[in-house]
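Read through the structure below, which is laid out as structure tokens, and then see the notes.
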Amino acid sequence: MLFRDTSTPAFALRVMRSGVKAWLCDSRAHGQRSLGQFPALKASQARVDAERMLEQLRAGQAAPPPSAGRAGHSEVPTLRNTLPLYLSAKASSQNTREGMTTTLTIYGAPLLDRPMAGITQADALQCAEAAWKRSARQGDLLRDYANSLYVFRRLQSPFAGFKSRYDKHAAAPPFSIPVDVWAAVLNAMDLQNHVTTRDVLWAALLTGFRPDAACHMRWDRLHLEEGQGRYFIAPDAPGFKGGASWHYPLPELLTARLRERRRLFRHTPWVFPARNPNKPLTGYRDAIVRIRDLTGLSLLTPYSLRDTRATYAEQAWGQNIITQRFLNHRPDYLPDGWRHQDRRVAASRSTGRYVETTEQMMRPLVERYADLVLELAGRKPLTEPVKRIFIDREAVFLDERLAA
């Protein structure tokens with residue numbers, strides 16, 4: 001709702017549904033210009049700013065900055081307008097940008113457009129309590145992100161001093177799909193309402209990519225030659241956490257499916273587009289919920305396909321380095337003993353072993369994992385190794401082997 005001043009019609013106050021009140025310089029000839037927010041900017045000063053701005057606009061000059069604001073910024077500091085400034089100043093990664101934006105937009109919505117200086121500790125606690133009620137982890141993140149923005153603006157944070165509610169040690173452990181329900185899981189995947197949703201689930205299952213990484217796959221990074229399918233993982237790709245770039249091998253089962261998709265959807269940049277073809281798919285989590293409802297797997301989460309891949313790889317091969325590369329964990333360094341042989345080694349600091357892992361080495365293992373899933377689902381004949389390790393339960397985790 002807009003309320004105009006009687007003496008200066010171009011000076012107005014806009015009251016938004018959220019309760020935020022903003023002063024405007026609004027004229028038909030020069031458009032609408034923001035002056036600042038009430039009560040941080042008083043009416044008397046806002047009217048002076050509006051008259052000065054209108055005079056200079058009529059004279060064809062650049063409008064002066066409003067008197068409100070801090071540290072050279074013309075706007076009254078809010079969480080919303082501080083966030084892009086903070087992310088830009090910190091040169092944040094894509095994952096950080098997306099995480100902060102999502103948490104603050106969803107869980108900090110009641111305070112997002114209020115002047116930061118006017119938010120009391122009671123306001124902050126009420127907002128954080130609502131976030132903690134929905135997710136202990138997101139409540140803690142809201143507190144941390146909001147504190148960072150207040151420090152950036154050099155304002156005292158009303159979120160300071162709130163204790164953590166999230167206990168990572170008490171969180172539910174990763175859930176992997178039991179060997180006897182694979183038929184139901186694959187059937188539930190194929191019963192999804194849309195072909196794109198079905199295909200992205202198959203891609204996540206057969207690559208182990210995180211949900212965001214699977215949904216953000218691009219055609220220009222895919223190679224779909226028969227028997228040579230691979231996906232180029234770029235360091236800045238969403239969902240990959242800045243790991244080193246390499247060509248991740250794809251099993252032929254997935255490659256063939258993607259070749260058919262390319263014939264139908266090559267006009268979009270995304271392998272799995274949303275209804276708007278210029279944006280990636282956003283319905284992955286809803287699809288997991290549908291699988292959970294169809295199969296009765298109450299512990300199934302968006303990360304369960306990835307967790308399952310890790311568990312099964314560990315049981316099948318018992319080498320942590322293979323599991324690391326199956327999950328595309330970051331290859332950190334080249335051990336000194338290998339440098340003189342000019343051999344590239346991809347290893348994680350957590351493995352304690354050095355195995356040369358290349359696309360050629362991983363390809364047969366990737367193919368074998370796809371076969372393993374189909375065998376357990378009854379879509380391919382059950383081989384003796386799969387029966388022995390997964391049906392007869394002879395597999396044990398690596399740490400259990402070491403302890404034996």
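The values are calculated or read from the model by the stated rules, or taken from the named source; none is laboratory data. What you see is a predicted model; the values in this text were computed from it and never measured. As a convention, Cβ positions derive from the backbone with ideal geometry for all residues, glycine included, and neighbour counts pool all protein chains shown. These accessible areas exclude ligands, DNA and RNA; they are computed on the full protein's heavy atoms, side chains included. Shrake-Rupley method; radii C 1.70, N 1.55, O 1.52, S 1.80 Å.
Details
- Residue satisfying all of: in region 376-404; acidic (D, E) and either open to solvent by less than 80 Å² (accessible area, probe 1.4 Å) or under 35 Å from the mean Cα position of the chain (by Cα) (or both); modelled with the highest pLDDT among these: D392
- Failed item, numbered, when H194 is tested on (1) under 21 Å from L254 (Cβ atoms); (2) crowded, with 16+ Cβ neighbours inside 10 Å; (3) out of contact with any Gly (no Cβ under 7 Å at 6 or more places or on another chain): (2)
- Selection of region 119-128 for residues being surrounded by 15 or more Cβ atoms within 10 Å (Cβ to Cβ), within 21 Å of F38 (Cβ to Cβ) and of a type in the set (G, A, S) yields only A124.
- Qualifying position, being out of contact with any helix residue (DSSP H, G or I) (no Cβ under 8 Å at 6 or more places or on another chain) and either basic (K, R) or on the phi < 0 side of the Ramachandran plot (or both), among T311, T301, T282: T311
- In region 253-264, the qualifying residues are those that are out of contact with any helix residue (DSSP H, G or I) (no Cβ under 7 Å at 6 or more places or on another chain) and not small (G, A, S), and the one that is most open to solvent (accessible area, probe 1.4 Å) is R263.
- When D144, D140 are checked against the criterion of being closer than 30 Å to T311 by Cβ, in a helix (DSSP H, G or I) and acidic (D, E), D140 stands alone in meeting it.
- Out of A213, A203, sole residue that is open to solvent by less than 10 Å² (accessible area, probe 1.4 Å), touching a Leu at 6+ places or on another chain (Cβ under 9 Å), touching a residue at least 12 places away in the same chain (Cβ under 8 Å) and among the small types (G, A, S): A203
- Every listed requirement among (1) modelled with pLDDT of 70 or more; (2) crowded, with 18+ Cβ neighbours inside 10 Å is met by Q45 save one, (2).
- Screening region 63-91 for residues that are hydroxyl-bearing (S, T, Y) and modelled with pLDDT of 70 or more and picking the one that is nearest to A213 (Cα to Cα) gives S88.
- Among the residues making up region 296-309, a single one is surrounded by fewer than 20 Cβ atoms within 10 Å (Cβ to Cβ) and part of a helix (DSSP H, G or I): D307.
- Among residues of region 73-111 being in a loop (DSSP other than H, G, I, E, B) and touching a residue at least 60 places away in the same chain (Cβ under 8 Å), the one that is most open to solvent (accessible area, probe 1.4 Å) is S93.
- Evaluated against (1) modelled with pLDDT of 95 or more; (2) farther than 29 Å from G378 by Cα, D236 falls short on exactly one condition, (1).
- Among the candidates Y150, Y166, residue that is crowded, with 21+ Cβ neighbours inside 10 Å and of a type outside the set (D, E, K, R): Y150
- Region 222-233 residues that are closer than 19 Å to P269 by Cα, paired with ones that are open to solvent by 50 Å² or more (accessible area, probe 1.4 Å) and assigned to a loop (DSSP other than H, G, I, E, B) (beta carbon under 8 Å, 6 or more apart): F232/S245; I233/S245
- Of all residues in region 265-285, those that are touching a residue at least 60 places away in the same chain (Cβ under 8 Å) and open to solvent by 70 Å² or more (accessible area, probe 1.4 Å) total 2.
- Complete set of residues in region 175-234 that are part of a helix (DSSP H, G or I), over 18 Å from V366 (Cβ atoms) and among the aromatic types (F, W, Y): W219
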